[in-house]
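Notes for the one structure printed next.
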């Protein structure tokens with residue numbers, strides 16, 4: 001079908017060929033992008049009715065289920081079907097892993113993230129897997145994944161921030177400070193980064209061996225707290 005760019009284009013394509021599952025799916029994506037989730041869900045249903053082996057329609061319907069009413073179980077079933085029909089699309093595994101994490105099925109989510117990395121090793125996937133491993137108390141694994149995310153994308157501010165936060169929890173305060181500094185250098189508008197560094201400065205102030213150092217860290221903490229508001 002000709003690439004449609006407006007709702008009218010999709011409506012016309014469907015009028016010309018009511019059996020075109022891709023037209024319904026495309027219109028569903030368009031509706032979802034414009035927050036008509038009920039309309040999108042109906043279009044994905046129709047696409048699947050017309051072509052029960054349309055993996056992309058199951059994938060899109062899974063996302064619509066989540067947006068429409070946070071139906072994570074239903075979304076998981078649709079992601080399962082999409083992967084049954086297409087086992088080589090990394091986005092399918094990534095999104096299923098994300099849903100499994102939301103459902104606290106951490107071991108299964110980890111398998112999905114592993115598969116994504118096998119298919120298409122990108123920085124954001126290592127970052128997501130690092131966050132999952134942290135949730136699973138695999139701190140060494142999380143650090144390794146944050147390291148890899150930063151290696152692949154040296155401007156990944158959130159990866160520096162989350163690695164810094166993990167280092168802070170592991171009492172590697174020097175390493176945490178370096179990571180927070182880098183995150184702020186990359187994205188000086190993110191208030192969360194300043195809030196995290198303020199917490200670190202407060203910890204350093206509490207542990208400072210001299211009154212002078214305590215005062216200096218307290219001053220920095222106060223300045224970062226102001227920027228975090």
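Annotations
- When residue 107 is tested against the conditions (1) touching a helix residue (DSSP H, G or I) at 6+ places or on another chain (Cβ under 7 Å); (2) surrounded by fewer than 21 Cβ atoms within 10 Å (Cβ to Cβ); (3) farther than 21 Å from residue 53 by Cβ, the lone failure is (1).
- Out of 153, 140, 172, one residue alone is modelled with pLDDT of 95 or more and under 25 Å from residue 102 (Cα atoms). It is 140.
- Assessment of segment 69-89 against the conditions (modelled with pLDDT under 95 and part of a helix (DSSP H, G or I)) yields at least one matching residue.
- Among (1) within 19 Å of residue 100 (Cα to Cα); (2) at pLDDT 95 or above, the one test that residue 29 misses: (1)
- Within segment 200-209, not a single residue is within 22 Å of the chain's Cα centre (by Cα), assigned to a helix (DSSP H, G or I) and either buried (at least 20 other Cβ atoms within 10 Å of the Cβ) or modelled with pLDDT under 95 (or both).
- Answer residue from segment 111-131, given it is over 14 Å from the mean Cα position of the chain (by Cα) and farther than 18 Å from residue 62 by Cβ and is surrounded by the most Cβ atoms within 10 Å (Cβ to Cβ) among those: 117
- Within segment 60-77, residues that are without any contact (Cβ under 8 Å) to a residue 12 or more places away in the chain reach partners that are part of a helix (DSSP H, G or I) and buried (at least 21 other Cβ atoms within 10 Å of the Cβ) with beta carbons closer than 6 Å, at six or more positions or on different chains, in the pairs 71/65.
- Residue 98 touching a residue at least 12 places away in the same chain (Cβ under 8 Å), over 22 Å from the mean Cα position of the chain (by Cα), part of a helix (DSSP H, G or I) and buried (at least 17 other Cβ atoms within 10 Å of the Cβ): no
- Residues of segment 34-66 satisfying the condition of being outside any helix (DSSP H, G or I) and surrounded by 20 or more Cβ atoms within 10 Å (Cβ to Cβ): 54
- Residues that are without any contact (Cβ under 8 Å) to a residue 24 or more places away in the chain, in contact with a helix residue (DSSP H, G or I) (Cβ under 8 Å, 6 or more places away or on another chain) and surrounded by fewer than 21 Cβ atoms within 10 Å (Cβ to Cβ), drawn from segment 7-33: 11, 13, 14, 17
- The lone exception for residue 69 - which of (1) surrounded by 16 or more Cβ atoms within 10 Å (Cβ to Cβ); (2) closer than 20 Å to residue 33 by Cα it fails: (1)
- Residue selected from segment 73-90 under the condition under 23 Å from residue 121 (Cβ atoms) and surrounded by 15 or more Cβ atoms within 10 Å (Cβ to Cβ), by the criterion farthest from the chain's Cα centre (by Cα): 86
The values are calculated or read from the model by the stated rules, or taken from the named source; none is laboratory data. All values derive from a computational prediction rather than experimental measurement. A quick note on method: Cβ atoms are made from the backbone with ideal geometry, for glycine too, and the neighbour counts reach across all protein chains shown.
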